[in-house]
Amino acid sequence: MESIIQSSIEKAVALLKNGEVVAIPTETVYGLAALIDQPKAIDYIFELKGRPRSNPLIVHVANLQQAEKLCDSFPTPLKKLAQQFWPGSLTLVLPKAQQVSNQITASKNTVGIRIPNHPILLQVLKETGPIAAPSANPFERISPTTAKHVADYFPEGLKMVLDGGACQAGIESTIVGFENGEVILYRLGAVSLEEIEKVVGKVALFNAQKSTVVTPGMSKKHYAPKTKTVVTKNINDFVNQHATSKIGLIMFQQSSKLIVAKEVILSPSGNLNEAAQHIYQTLHKFDQLELDYIVIEPLPNKELGRSINDRLSRAVHG
Ligand code: AMP
Ligand code: MG
């Protein structure tokens with residue numbers, strides 16, 4: 001049987017225009033894409049993912065003009081962020097224009113938009129116009145960072161995964177909005193808090209406890225591997241206390257020098273961007289190894305380390 005992993009941009013464009021769902025590469029993680037004016041295809045995204053329809057989708061566009069057509073207004077601080085980071089891994093939550101359907105925004109009066117920084121996807125977007133695309137994983141599973149991860153998640157139900165190689169950023173986009181006159185960060189991701197604050201000053205962090213609005217990117221246990229996963233500074237203690245268990249260790253920069261079933265070092269040079277690029281890929285790989293535990297060393301809590309730690313805190317079981 002022919003693989004669903006293919007590299008024809010023309011074919012992906014034709015399928016999308018024909019109302020099909022196609023998996024697409026982005027620089028953050030792979031997405032499940034449909035054109036914003038294809039309600040049946042959008043509905044199928046939710047069905048395929050098993051995603052509650054109360055979780056809005058991010059709309060991907062080719063340029064700022066397309067983004068402006070989808071929103072009612074563009075608060076100045078968010079415009080500054082767009083100018084600085086687009087194309088790139090930052091999603092802006094903007095007051096939605098009427099043409100954006102409630103199906104995409106989960107009936108919110110805002111829409112999440114970004115211009116992705118992936119040459120293949122940008123080429124697709126130029127020909128199709130805006131695309132709604134959440135990450136291409138079943139609900140509550142780890143986001144995919146290669147075409148194969150997507151094909152493994154969805155052996156049936158997808159006509160095509162457009163191959164764009166391994167994702168350069170490797171974790172989800174950062175999500176930022178504007179409420180009551182201040183910039184608010186809803187989800188930590190591939191653009192660091194420090195980078196954002198350099199452009200707009202101090203930003204408020206969304207507090208899930210205080211809000212009645214549940215933002216799925218902020219929900220607990222959202223990105224879990226199947227294998228029991230633990231994040232701990234006390235790697236030695238954990239390994240010693242589980243001497244008979246099959247353990248996969250994920251270290252940041254240096255080897256634990258412990259004897260375990262498997263160990264991966266995310267970035268021997270201590271580069272947090274490289275660690276982000278490798279984290280999900282390593283979790284996907286370890287999840288295939290029938291380990292008893294995946295044990296992860298927390299990253300330095302700054303720049304992308306903070307974003308990775310946040311993502312990992314949602315991968316932990318229990
Ligand atoms: P995913 O692409 O799978 O990472 O999911 C999209 C993320 O964007 C979810 O966590 C949504 O809650 C978030 N999102 C999309 N649109 C909005 C919006 N209008 N307001 C707040 N969050 C949003
Ligand atoms: Mg997701």
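Just so it is clear, none of the values below were taken in a lab; they were calculated from the coordinates. From a predicted model like this one, the values you see are computed outputs, not experimental measurements. Every residue, glycine among them, receives a Cβ derived from its backbone with ideal geometry; neighbour counts consider all protein chains shown.
Listed values, structure above:
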quantity	calculated
Gaussian network model of the chain, springs between alpha carbon atoms under 10 Å - residue of TYR44, TYR30, TYR280 with greatest fluctuation	TYR44
Least to most buried among THR26, THR110 (fewest other Cβ within 10 Å first)	THR110, THR26
Cβ-defined net charge surrounding LYS49, 15 Å radius [Lys, Arg +1; Asp, Glu -1]	-3
Reachable aspartates and glutamates, given that their alpha-carbon falls under 13 Å from the alpha-carbon of LYS246 and they are not under 8 places away in the same chain	GLU263, ASP287, GLU290, ASP292
Extension reserve of the GLN254-ASN301 stretch, reckoned as 0.36 nm per residue once the Cα distance is removed	15.3 nm
Nearest-20 debye value, the chain charge dipole, Cβ charges on Lys, Arg, Asp, Glu	520
Total lysine pairs whose alpha carbons fall under 27 Å of each other in region 38-98 (8 or more apart, or interchain)	9
ASN102/GLU194 FRET efficiency (R0 41 Å; Cβ-Cβ; nearest 0.05)	0.70
Cα→Cβ-extended label distance, 7 Å offset, between ASN207 and GLU179, nm	1.1
Between region 251-280 and region 25-75, the alpha-carbon center distance in angstrom	33
From phi via Karplus (6.51, -1.76, 1.60), per-residue ³J(HN,Hα) for region 263-277 in Hz, x at Gly/Pro	9, 10, 9, 5, 8, x, 8, x, 9, 5, 5, 5, 4, 4, 4
In sequence order, calculated HN-Hα J values of region 178-185 (Karplus, 6.51, -1.76, 1.60; Hz; x Gly/Pro)	9, 9, 6, x, 10, 6, 10, 9
Förster-model FRET efficiency, 25 Å R0, ASN234 and ASN273, C-beta, rounded to 0.05	0.40
Alpha-carbon spread of region 236-318, three principal axes, descending order, Å	36, 26, 22
Net lengthening on full extension, LYS11/LYS262 (0.36 nm per residue, minus Cα-Cα)	86.4 nm
Binned Cα-Cα distances of region 84-185, short to long, each 10 Å bin given as a whole percent	12, 39, 38, 10, 1
Dipole magnitude of region 2-146, debye to nearest 20 (Cβ charges: Lys/Arg +1, Asp/Glu -1, about Cα centre)	360
Per-q log10 I(q)/I(0), region 1-107, q = 0.11, 0.16, 0.17, 0.21 Å⁻¹ (Debye; single scatterer per alpha-carbon; no solvent)	-0.39, -0.82, -0.92, -1.31
Cα Rg, Dmax (largest Cα-Cα span) when computed across the chain, Å	19.4, 59
Amide H contacts of THR110 (H built 1.01 Å from N, under 5 Å, at least 5 apart or other chain)	LYS96
Karplus-derived HN-Hα couplings along region 3-10 (A = 6.51, B = -1.76, C = 1.60, θ = phi - 60°), whole Hz, x at Gly and Pro	5, 7, 7, 9, 10, 7, 5, 4
Cα-based Rg / Dmax (Å) for region 63-125	11.7, 31
